[in-house]
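Colleague: The following block contains the structure, expressed as structure tokens.
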Amino acid sequence: MASARLVSKGGRLQQPVCNTRNNLLSVNGSQRRYKADAVAERATPTNHVPPSNQNQRMRAKMVEREFFESVLGASATKRDAKTFLSRFTAKPSKEKPASAATEERGFHAKINLGNLYTPTKAIANSPVFTQQPSEDFPNRTDGLLHTSIVKISDLRNIDDETLNGIATTLVQLGRLGVRLVIVLEGSPDGIREDTQDLLQQARRVVDVLHQTSEHGARLVDHSFAFLNGSETGNGAISGYGNLEFQLKDLLLSPLTEGIITVIPPLAQTCGSRVEKVEANYIIAALTKYFADQNSVKEPTQGIKTILDRIVFLDPIGGMPNPKTDGNAHVFVNLAQDYSEIREDLETTSTGAMTPDTSHQHLENLECIQKCLAILPSTASALIATPLEVAKSSSKSSSISTTGVFTRPKRNALIHNILTDKPLVSASLPLARLYDAAQLDAGQRSSSTFFKNGMPLTIVPDPRVAIWSDPGVDKNTLELDNDPRVDWPKLVHLIEDSFGRPLNAEHYLKRIQNRVAGIIIAGDYEGGAILTWEQPTGRPGRPTVPYLDKFAVLRRCQGSGGVADILFNAMVNRCFPEGVVWRSRQTNPVNKWYFERATATWKIPESNWTMFWTGNEVDFGAKGMVPEDVKERWLDYVAVCSHIAPSWADQKPPD
């Protein structure tokens, strides 16, 4: 035992550090600059140009380089990038590609994504929950016009520099194949704005986009009207009146050409007057239109569109999380979290929020929840501040006074488009969560990522009674004989996740009278089985809360937030005092576990690494280790060293 090496984090125990960065660029500044130059060089024709055009060519090359630096810095993993390309790239021709390297990079139909995969090792090692090697995704297109709605709030108070930064980011999204519809929201209540004021603000956005975008932008006004002469009523989306999107050609034609459309918050009333309307009404009407377009066999103009993202750029930022000292929720699974967040906001006691700010958060939350409810499950939403999006798009100085290059700030919006995930994983411990987001000292996280999500089922419900060991022969939860558990689906989930057959009879016998509970995400897209284990060879010692199985369907691994949802439920609701588990040392998911565990330990003379959470086993920074902590740690080791595997094949246990 003396030769064993103990590892931990937070200055407590020495834990092996996962030497992968979330950033796609793990090279130093000079190498990054060289790679970006190389990508831009490939994207720009190298034919001789007259001297009079040299400045224009150099300027175009600089813009191209900055774009690729932004994309390469968006921290997309290889799996994320391939998934994105499989949806947005052109269909491969039947002709043999010029080279395997070209095929691997996956050139976009209108933009060379170049070295998106350049630092292959760094990308492959970026921690995501994957129990099996990532599959290669084919280059294909789904034939849809992928669209995002972007709402910009309080435009009057956004200065020109910030607006230029926002425009740069939005144009970058367009170059990645995303079609954009911008909806403007008027100033907060109390500031009088007439029709001309709102149109002037809209033209201001159009002008900035014209200066930034190759395809430009178009103002689309007078295209919404209230039906039946009423400004309220039972609309297509409950709570948003009878507002209808009428002049559809004014939207679809520009989208097909890559032109960004800008819509002011105006609509026609029963008397054919044009008046200010809440931007969320327009967003609800557009969402219903896109949802209908995606469901009909013969869409308007033969163009089938799909609404992938709803983005709110709001100065108040994302949903405040009262548990994180003013930081925003990183990820919201609406099916699980909506009611709780709404209750927090209605108390108006979250941080220093004013009632007006709380009301604005509630309106944003309700609009996103109702819109995502009628969209495909793949749709998502993001709330970020205009300043956050603008600053992250600009090229800041990457060298300090010491001459050391630093990695660029990641762009939350581009990252979201590429990965369909928040900037950081929501299941990271709070101490590491905002460090992973690359926040400066004193800066708060202000972006929130939303999914309509999936329901979470916990048996037994910890809200009714806290999980505790009832004692030997008193734990009667039987997974194969409980109406709340679909045992065949659970077996399929385990076998699909681990890629091997389960010896169900042996497994049920092993966990008999030991099951603490089970967590199921969605329709068995993910699940966790937790048990109470008696430390082998240590009679009289208390049982250990143990994570026996943690499984996610292979199609859901690395995306969708299923693993985050399960892990958060386990450590926050079921076993808040701590839980222990083990994993074979060669398991690719260990990088993901390392980031979330309080501490880890490689069990001597075995292929197991032991992980645990909570403060029950805390060896302290210095000094003698308390005897009770040593004893509890030995309980953990005894459990993880002697659990019998229950696989039907002859492979080494997981």
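Read-outs: derived from the displayed coordinates by stated rules, not from any lab. Remember, predicted model here, so these are calculated numbers, not experimental data. No Cβ is skipped: glycine too gets one built from the backbone with ideal geometry, and neighbour counts run over all protein chains shown.
Colleague: Check which residues have an amide H placed less than 5 Å from R218's amide H, if you skip close sequence neighbours.
Modeller: It is I260, T261, V262, by chain and number.
Colleague: Moving on to the next point. Order the peptides 484-496, 567-579 from the highest to the lowest mean number of other Cβ atoms within 10 Å of their residues.
Modeller: Details: 484-496: 16.8, 567-579: 19.2.
Sorting 484-496, 567-579 by mean packing, highest first, produces 567-579, 484-496.
Colleague: Okay, next question. Need the full-extension length gain, Q246 to T476, defined as separation in residues times 0.36 nm minus the C-alpha distance. One decimal, nm. Please list the in-between numbers first.
Modeller: On the way: separation 230, 0.36 × 230 = 82.80 nm, distance 6.03 nm.
Contour length minus Cα-Cα distance gives 76.8 nm.
Colleague: With a ≥ b ≥ c the root eigenvalues of the C-alpha gyration tensor of region 445-525, is it rounded (a/c under 1.5), prolate (a/b larger than b/c) or oblate? Mind showing how you got there, number by number?
Modeller: Values: a/c = 2.38, a/b = 1.32, b/c = 1.81.
In terms of gyration-tensor shape, oblate.
Colleague: Name the residues whose placed amide hydrogens come within less than 5 Å of the amide hydrogen of G241, ignoring near sequence neighbours (fewer than 5 apart) on the same chain.
Modeller: Distant-sequence amide H within range of G241: G233, G235.
Colleague: Another question about this same structure. For E340 and L227, calculate 0.36 nm times their separation in residues minus their Cα-Cα distance, and state this gained length in nm to one decimal. Intermediate values should be presented prior to the final figure.
Modeller: Working: separation 113, 0.36 × 113 = 40.68 nm, distance 3.47 nm.
Gain on stretching E340 to L227: 37.2 nm.
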